[in-house]
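Presented below is the structure to which this report refers.
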Amino acid sequence: SKPTHGFCQISFLSSPTTSAATNHFRRPHFPTTFVATMLLSLLAAVAVSGLHQKEAMNLTSDVSVMKQQQPCQYMEVVTEFEDHSHKEEQKCELLTSDGFQFGEHLIIKNALLSSQDVGKWIFHPEAEIVNGVIDFKGMEPKFVPAPELSEVQNTLMNPKHLAGAFKAGVTGTKTVLAIRVTATDSSTSASASQISDDVYGNGRDPFNLASGYATCSTNKLLFRAYNGTTSTGVRITNGVTDISISRTARGQSMNSIESTVLSAAATRLGTLRTQFDYVMLCLPAGVTGGIAYAYIGGYVSVYNDNWCRWPSAQMHELGHNLRLAHSGEGTQQYADQTGMMGFSYSQDDGPVMCFNGPKLWQLGWYTDATLTSSNWNGRLISLCDYTRRGSSLIVVKINPEYYVSFNRAAGCTRGTVEARNQVVVHRYVGTGYSQSYLLAKLSAGGTFSVGGVPVRVNSINLSASPAYADVTIGSGSTPTKYPTMFSEASTDEDN
C-alpha cells in the first residue's frame, strides 16, 4: 500500500495554532451577582455528576473568562493529513485543576514555550481560560516542579507521567485500553473483538502493537490488554470497551470528538490515567482532521476509524507516547522507511519492522550491544539477533550525533521498506525528543563520511548465522570490548 503521512508528534513550535473548541463558560447578560450564583450552582452540579464543565454549561451568549488556578501539563501536537499537510498545536492537560475533570486538554495560545518544556507543569496567575483555550498573552509560564504539586495531584497521577519522568527507555509490562466509540450517526467500523485481535493478537493476528513491541524490544517492553474491573465497577475483557457519546461524529474534528470521548469514558470508567498505562481512542467513521495523533510522553493516542487497527499506526503513535520523534530523510519529515517512525501504511499485518538506530539508542533496550566510538572495526548485526550476538554490536554512535547500524531484512525486521540489508547512517541531535534523519545507505564497499570520520562497509555476509556487516569507522582501532553473552536462540531464515 502507498505510505501515508498520518501521525501526531510533539513539535518545535514558534507560533501555536488555535482552533475552535466547545465552550467552557457562556454567560447571558444578567447582573453580576446572579451570574456568579448561576456559575457556582453549575460547578457544583458538575462536581456531583462527574461531567466536564464544557458539556454541562450549555449556555449560548457571551463567553466568560476565568484565570488559571492550578498548574497544567504542557504538550505539543502535530496532526498529519493524507495530503501531506499538517496542523500544529500546543496543548495543556488539566488534571484536578481549574474545576475541570481529569484529562481535559486545552489549546495553548500566546505562550513562551519550547519543545524542551514538554511534560513540565506550567502556570501563570494571569493566564485566561475561555472557550477551550488557555491564553498566556505572551507571558512566560512559571514551571512548577513535581514535588510542589498538590498531594491530590501526585496521588492521582501515574508516576511515569510526572514532570521529569517523560523519558523513553521504557521496560516492563504495560496495560492498554482501546476504546471503541459509538456516536449518534456513526461508530467505529471494526467490532470490539476485531480491534482486540488487531491490537493484542489474541493468538490469531500475526503482527500487531503487542507482538511488534515485544519482538523489537526482545520482550523488554510488553503491551498487554487490560482485563479487570474499573473503579466504577465496569468489567473489561480483552483490552477493549465501548463508549457511547450523545453527539454526531461525521464531519466533526478528531480533537472535538476526542474531548467528548474522554469525558464520557471518565464518567463511565473512572479516572483513566490511574487505571491504564495507555489509552487508544478508536474514533467513529467519518471524523475529520487527520488519520492519527498522540501526546508525546503522555498516555493517549487517537485514531481515525480503521487506523486504530493497523500496526504501523499503532506502533508509531505509541512511539510518540514513548517520546520518539519522527524519522525523516532529506527534507521530508516522515521519509525514512527503515522503521516505524516514518511513513504509515494501511496494512493489517505489516510492514514488519522496528525502529532505526537512533530510536533504538534512545529507547535503551540494547545498551550492552551499543558503543560510542570514532575508531572501531567489527561486526554489526540486526537487533533481531541480539540474543546470539557474541561480540557483535547493534548500533555504533559517532559523537556527537551520528549512528551506524545494519538494516537487516529478516526476522523481526523482514518487512523494512528501505535500505534492505544495507548499513545505514543516521543523524539524531540530543538525547530526548528530536527528529532523526537517514543520511546514507551503504552496500558492501560503500563509504560515507560524517564530521570528518569515514564509515566504510568492508563486507556484508547474509549467509552467516547471524548475518552481519563488517564495518570500519575512522582508523578502525577497536576499543576494549564489553563482556559478551551467548545464546542458542534461533531467528527467522534469511529473506
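The values are calculated or read from the model by the stated rules, or taken from the named source; none is laboratory data. This structure is a prediction, so every number in the text was calculated from the model and none was measured. As a convention, Cβ positions derive from the backbone with ideal geometry for all residues, glycine included, and neighbour counts pool all protein chains shown. Ligands, DNA and RNA are stripped out before the accessible areas are found, and what is left, the full protein with its side chains, is counted by its heavy atoms. Shrake-Rupley method; radii C 1.70, N 1.55, O 1.52, S 1.80 Å.
Quick grid of which residues meet (1) surrounded by 24 or more Cβ atoms within 10 Å (Cβ to Cβ); (2) out of contact with any Pro (no Cβ under 7 Å at 6 or more places or on another chain); (3) modelled with pLDDT of 90 or more; (4) polar (S, T, N, Q):
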| site | (1), (2), (3), (4) |
| --- | --- |
| Tyr295 | yes, yes, no, no |
| Glu317 | yes, yes, yes, no |
| His326 | yes, yes, yes, no |
| Ser344 | yes, no, no, yes |
| Cys354 | yes, yes, yes, no |
| Gly357 | yes, yes, yes, no |
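Only a single criterion out of (1) part of a helix (DSSP H, G or I); (2) under 18 Å from Leu281 (Cβ atoms); (3) open to solvent by less than 30 Å² (accessible area, probe 1.4 Å) is not satisfied by Gln194, namely (3). Only one entry of Val199, Val234 meets the criterion of being more than 24 Å from the chain's Cα centre (by Cα) and modelled with pLDDT of 95 or more, and that entry is Val234. With respect to (1) open to solvent by less than 30 Å² (accessible area, probe 1.4 Å); (2) free of Cβ contacts under 8 Å to residues at least 40 places away in the same chain, the lone exception for Gln332 is condition (1). Restricting region 393-432 to residues that are under 20 Å from Gly445 (Cβ atoms) and assigned to a loop (DSSP other than H, G, I, E, B), the residue that is most open to solvent (accessible area, probe 1.4 Å) is Arg420. What is the number of the single condition among (1) in contact (Cβ under 8 Å) with a residue 60 or more places away in the chain; (2) assigned to a loop (DSSP other than H, G, I, E, B); (3) not hydroxyl-bearing (Ser, Thr, Tyr) that Gly203 does not meet? Of the numbered conditions (1) in contact (Cβ under 8 Å) with a residue 60 or more places away in the chain; (2) assigned to a loop (DSSP other than H, G, I, E, B); (3) not hydroxyl-bearing (Ser, Thr, Tyr), the odd one out for Gly203 is (1).
Looking across region 443-455, the residues that are in contact with a Phe, Trp or Tyr (Cβ under 8 Å, 6 or more places away or on another chain) and surrounded by fewer than 21 Cβ atoms within 10 Å (Cβ to Cβ) come down to Val450, Gly451, Val453, Pro454. Residues of region 230-282 that are touching a residue at least 40 places away in the same chain (Cβ under 8 Å), open to solvent by 20 Å² or more (accessible area, probe 1.4 Å) and at positive phi: Asn238 alone.
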